[in-house]
Amino acid sequence: MTSQSHSLSAHDGAPRVINFMLVDTDTGKAVPGFAPLAEGAQLVLAELPPRLSIRANTQPPSGLQVSFALNGTELRVEREKPYMLAGDSDGVLHPFRFTPGEHELTATAMRNKLAGPPARLRFRVVARADADLAAQLEGLRRTVGGIQATLGQLQSSLSALSGALEGNLVERVGALEESTASLRAETSQNSAAIAAIRTTLEGAGGAGGASAAAQHEPTLAELHARIRELEAQVAKQQAVIEGLGGQA
């Protein structure tokens, strides 16, 4: 049961179901180990008396109506004690037909139209312990199969992603190589321009001595500035080329 397994918090003055117990309907006595029934109890039918039922114990113990529902389906309303899941006839208890599987039992006590809080109990029924083990193993096999299928899908997704990344990397490297080649060509052109300017400067310096140098001083200054500018461009392009090479 839930927190209501052993003692339920009553509404003020309201009756309540305090717990459940498993009963051997042939003897009318509680089955040892199942009084009260614990939340999540497992009933192995092969190890229990052949005819069973469940009794709801109440507070107060008599003078109530108790409604039973199993797995959300209303089963019966008991108007006299003992409050049994399958009822009784003149004190002869009727056995309940338990079916294998997970179940939730709900019982609500009522007196004079005043209902107490519902008591709930989850329990499990299996025919035999070995059958239960076989069912658990089969469930594990299905789980493992599902995990394997999921891993296969993930592997396919990773392969597709890897292929896409590899394709993008090849395209990127190709683009970098083209950029590098273009920059190298520009650098060669700039180097040639620098060499031509230096040749011009040397010719201007030796052609007419000091007077020639003074005459062409503005031009020489402009050419020197041009050399510095081109040298700066070459250095910048060399740095870019090295960076591209590192990325490739």
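What the table below lists for this structure:
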| item | result |
| --- | --- |
| Difference of contour (0.36 nm per residue) and Cα-Cα distance, S62 to R142 | 23.9 nm |
| Debye intensity ratio in log₁₀ form over the Cα atoms of segment 16-134, taken at each q of 0.22 Å⁻¹ | -1.32 |
| Protection-proxy order for peptides 104-114, 27-37, each taking the mean of Cβ atoms within 10 Å per residue, highest first | 104-114, 27-37 |
| Residues with amide H under 5 Å from that of T25, placed H, sequence gap 5 or more | R51, L52, S53 |
| Counted charge near A38, where neighbours are those whose Cβ lies closer than 12 Å (Asp, Glu -1; Lys, Arg +1) | +1 |
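Bear in mind that the values in this text are calculations on the coordinates, not laboratory data. Keep in mind the model is a prediction, meaning the values are calculated, not measured. A quick note on method: Cβ atoms are made from the backbone with ideal geometry, for glycine too, and the neighbour counts reach across all protein chains shown.
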